[in-house]
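Down below is the structure, laid out as structure tokens.
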Amino acid sequence: MSVNKQTSNNERKIMTKTSVNTGQTLILVAASALLLAGAPLRASQTDDRIESSAKKSYVFKHYLTDDSINTESKNGVVTLTGTVAEESHIGLASDTVSGLPGVKSVDNQLTVKGDAPAKHSDTWIALKVKTALLFHRNVRATKTDVNVRDGIVTLSGEASSTAQKELTTEYAKDIDNVKEVNNEMTVAKTPAKPDETAGEKIDDASITAQVKASLLSHHSTSALKTKVETTDGVVTLNGIAKNAAEKSLVTKLATDVNGVSSVVNNMTIAPTLSKN
């Protein structure tokens, strides 16, 4: 073989190898470009899903319909802006959004529209009682009128049974600054028709938010730092209770929340401090 022919063959091999390497590099660059382009797309899709899920959630559709809330998600960080009718709606909206899949954090900038009632005033107590009743399925919040004068709560309306009337009284008594409860509700002679939302599927995020709001609204459980998680309607509670009675009450309140199928209470009971 001549020197010129061998040189030509070597050059072809080098060119072929260079071509292969160049092709592999181009493929890697193209793949990287697709990955980089796909990441913002997936993030955008997640953000769109978060914003849509918030609007479609049970809490937003049933409790926050009269509020002006704007939900904006960017890479899973959600910002809530706008106004709400009641102070309790601020936490309710935030807790609902926090429980949605894909949400990393919530920047809650919601404000109350107009002047909020003074704390512990009769108007404030009335709102607290209505809120406490609102999330529980074994009372009829929409059929219960609440009036407060000098801390004395008067309930009127219609209960479906004597047991429901008594439970309404029990819930109302467990509100901050309630001095007394006069329950003037009548008991229906015929069974009440099922609530329109009774068969509605309630999302886990809304269930969690309702349980948190319920525990916060009741005086006996408001100070507890209870962690609430919901999976397919099953609520799991973690935290510390002062005693067995307090733990039992938390279970009772959570079980009576709309959409809850069962409650797993993993709360521990704080050890009794020795007097010595």
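Could you order peptides 159-166, 104-111 by the average number of other Cβ atoms within 10 Å of their residues, highest first? Intermediate values should be presented prior to the final figure.
Values: 159-166: 16.2, 104-111: 14.2.
Answer by packing, highest mean first, reads 159-166, 104-111.
Using only the alpha-carbon atoms, what does region 204-269 span along each of its principal axes? Please give whole angstrom values in decreasing order.
29, 21, 16
Tell me, in nm to one decimal, what length is gained between T272 and K252 on full extension, where the rule is 0.36 nm per residue of separation less the Cα-Cα distance?
Numbers: separation 20, 0.36 × 20 = 7.20 nm, distance 2.33 nm.
That pair, T272 and K252, stretches by 4.9 nm at full extension.
In bins 10 Å wide, starting from 0, what share of all Cα pairs of region 55-112 does each bin hold, as a percent?
Final binned percentages: 25, 61, 13.
Which percent of Cα-Cα pairs in region 122-187 sits in each 10 Å bin, short to long?
In order of increasing distance, the bins hold 25, 61, 13 percent.
Every number here is computed from the coordinates shown, using simple stated rules; none is lab data. The structure presented is a predicted model; accordingly, all values stated were derived computationally and were not measured. With ideal geometry, Cβ positions are generated from the backbone for all residues, glycine too; neighbour counts draw on all protein chains shown.
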